[in-house]
Amino acid sequence: MNPEPGLPAGWTVERLRAVSGDRAAVPISPDRPVSVVVGPPDSEPTALRPDLVLAFGGLCLVREDDEWYMGSLNDDGSVICWAGYGDNLEEALRGL
C-alpha cells in the first residue's frame with residue numbers, strides 16, 4: 001500500500017472510506033480556522049494548528065501533533081472540535 005501525501009503511513013483515501021463507512025471522505029486543506037472546546041460547552045475555544053483535516057460530510061477529524069480531534073465543519077469552512085482521540089486514527093474513525 002503506497003502512502004498518500006499527508007495521510008498517516010499505511011492509510012489511503014480508500015481505507016479511510018472503508019473504515020469510516022463514508023464513501024465521500026476526503027482530506028481537505030488544513031489552512032482554515034480550527035479550534036477545540038475543552039470542558040463545558042460555554043468554555044472558550046482553543047485554537048489548533050492542524051497539519052491534516054479529513055472531511056466526512058459535516059464532520060471532520062483534525063490532526064495536530066499526532067493527536068486526533070473530532071469536530072464539525074461549519075459553513076464558513078472553519079472547524080470546531082469537541083472530542084479528542086489521542087494518536088489512534090482508526091479509533092477516531094469508528095467514533096464518527
* To do: Using 0.36 nm per residue of separation minus the Cα-Cα distance, give me the extension gain between D51 and I28 in nm, one decimal.
  => 7.2 nm
* Which peptide among 46-53, 67-74 comes first, and what is the full order, when sorted by highest mean count of other Cβ atoms within 10 Å? -> 67-74, 46-53
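Please report, in cubic angstrom per residue, the volume enclosed by the convex hull of the alpha-carbon atoms of segment 17-56.
Working: hull volume 3.9 nm³, N = 40.
Convex hull of Cα atoms, per residue: 98 Å³.
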* Structure fact -> Pseudo-spin-label distance S72 to L96, built 7 Å along Cα→Cβ, given in nm, is 1.8
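If you build the Cα gyration tensor of the chain and take the root of 5 times each eigenvalue, what three semi-axes come out, in whole angstrom, biggest first? Walk me through the numbers before you get to the answer.
Working: eigenvalues 95, 34, 32 Å².
That gives 22, 13, 13 Å for the three semi-axes.
Place the peptides 12-18, 39-45 in order of packing, highest mean first, counting for every residue the other Cβ atoms within 10 Å and averaging per peptide. Walk me through the numbers on the way to the answer.
Values: 12-18: 15.1, 39-45: 8.1.
The peptides rank, most packed first, as 12-18, 39-45.
Which whole-number percent is the relative contact order of the chain (Cα, under 8 Å, 6+ apart)? If you can, show how the numbers build up before the last one.
Working: 185 pairs, mean separation 21.4, N = 96.
Dividing the mean separation by the residue count of the chain yields 22 percent.
Bear in mind that the values in this text are calculations on the coordinates, not laboratory data. Just so it is clear, the model here is predicted, and its values are computed rather than measured. Note: ideal-geometry Cβ built from the backbone for every residue, glycine included; neighbour counts use all protein chains shown.
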